[in-house]
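Worksheet: one structure, shown below.
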Amino acid sequence: MKKIATIALALGLTGSTAFAGGYTAPVVEPEPVVVQQSSSSNPGIIIPVLLLVAVAVAASNN
């Protein structure tokens, strides 16, 4: 009986250490993506130009 308990204890201890830590998936960092603008004009100038056109149209109607 003592022999069976010793074998069971040895198998239990070796089985638990085999799974210690578990599986962790490797972390793969994505490569940074560089976006190039194909437009040569400044997009910040569009709104003031549209406002200037709207004022010119409104002034021409008077």
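The values are calculated or read from the model by the stated rules, or taken from the named source; none is laboratory data. Keep in mind it's a predicted model, so treat the numbers as computed, not measured. Cβ placement follows ideal geometry from the backbone for every residue including glycine, while neighbour counts extend to all protein chains displayed. SASA here: full protein model, heavy atoms, side chains in, ligands and nucleic acids out. Shrake-Rupley method; radii C 1.70, N 1.55, O 1.52, S 1.80 Å.
Net charge near Ala10: determine it from the other residues with C-beta under 13 Å of the C-beta of Ala10, scoring Lys and Arg +1 and Asp and Glu -1.
On the way: positive: Lys2, Lys3; negative: none.
With Lys, Arg at +1 and Asp, Glu at -1, the net is +2.
If each of Lys3 and Leu52 carries a label point 7 Å out from its Cα toward its Cβ, how far apart are those two points in nm?
10.1
Over the heavy atoms of Leu9, what accessible area does a 1.4 Å probe trace out, to the nearest 10 Å²?
For Leu9, solvent-accessible area is about 110 Å².
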